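First up is the structure itself, then whatever we jot down about it.
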Amino acid sequence: MYPLDRVHGTNEINNRVGAGVASGVHIAPGPDGKPNGSYEFLGTVHSFIEFPNGGVLDVKNSMTMFCWLYPGGQDGPLFNYGETGSWGVHLWVEGGQLFARFNKRDYSFTPSLRHTPLKRDGWKFVGASYDQANGHAKLWVDGKVVQTLNIGANLQLATQDSVRMGVRVSDNRYFKGRIAQMQVYNVALTQEQVKLIKDRTQVGKNAVA
């Protein structure tokens, strides 16, 4: 859990992995209604956060990733394993839509998931999950599943590399907007669990402690 606020900066909430290295981003209002509750990305090549992995983010099997997103009208990575070269697992805004791909451990591609365009009308709770047991990959928006695709059971995922938010090296798509409360789990969360997380961190309420 990376709160991505003034109190925690780019640190994981329990310091289980090294802090992210921030470049060209700044603190901005967050989904919890507080003035210092998110990071704003400017949509330039120098506006990003890079998170070390150290094995803690290498969930490898089943996984879920979520964040609060305030779209700014420009494509780019929300959580992208591998800052350059081969593509790992990634969650993006692409073509104005929420986009995810759970690539395999050897970086071979799996089918992608994509949702309808994200309007620039406020905060959204977005994410993606993969369940190794049944092969189901899902896209989530505001606590609801908006797409399900079976990409194959028993995959091992490409989550071994460091992670970039905002910019991927040698890619000219630079995310613009705000991100808060980035969360990564080593399980495929259920509908009930996702709703609980959303309700505890929703707009106008305090962030998870």
All positions within segment 61-82 that are part of a loop (DSSP other than H, G, I, E, B) and open to solvent by 10 Å² or more (accessible area, probe 1.4 Å): N61, S62, D75
Residue within segment 130-137 that is of a type outside the set (A, V, I, L, M), buried (at least 21 other Cβ atoms within 10 Å of the Cβ) and closer than 19 Å to K176 by Cα present: no
Scan of segment 139-161 for residues that are open to solvent by 40 Å² or more (accessible area, probe 1.4 Å), farther than 15 Å from V184 by Cβ and either out of contact with any strand residue (DSSP E or B) (no Cβ under 7 Å at 6 or more places or on another chain) or not acidic (D, E) (or both), ordered by number: K144, V145, V146, Q147, T148, L149, N150, A153, N154, Q156
Qualifying residues in segment 119-172 (those that are of a type in the set (V, I, T), under 25 Å from H46 (Cα atoms) and part of a loop (DSSP other than H, G, I, E, B)) - the one farthest from the chain's Cα centre (by Cα): V169
Lone unmet requirement of (1) open to solvent by less than 20 Å² (accessible area, probe 1.4 Å); (2) closer than 16 Å to D32 by Cβ; (3) outside any loop (DSSP other than H, G, I, E, B) for V194: (2)
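The values are calculated or read from the model by the stated rules, or taken from the named source; none is laboratory data. What you see is a predicted model; the values in this text were computed from it and never measured. Methodologically, a virtual Cβ is constructed for each residue, glycine included, from the backbone with ideal geometry; neighbour enumeration extends over all protein chains shown. For accessibility, only protein heavy atoms count, side chains too; no ligands or nucleic acids. Shrake-Rupley method; radii C 1.70, N 1.55, O 1.52, S 1.80 Å.
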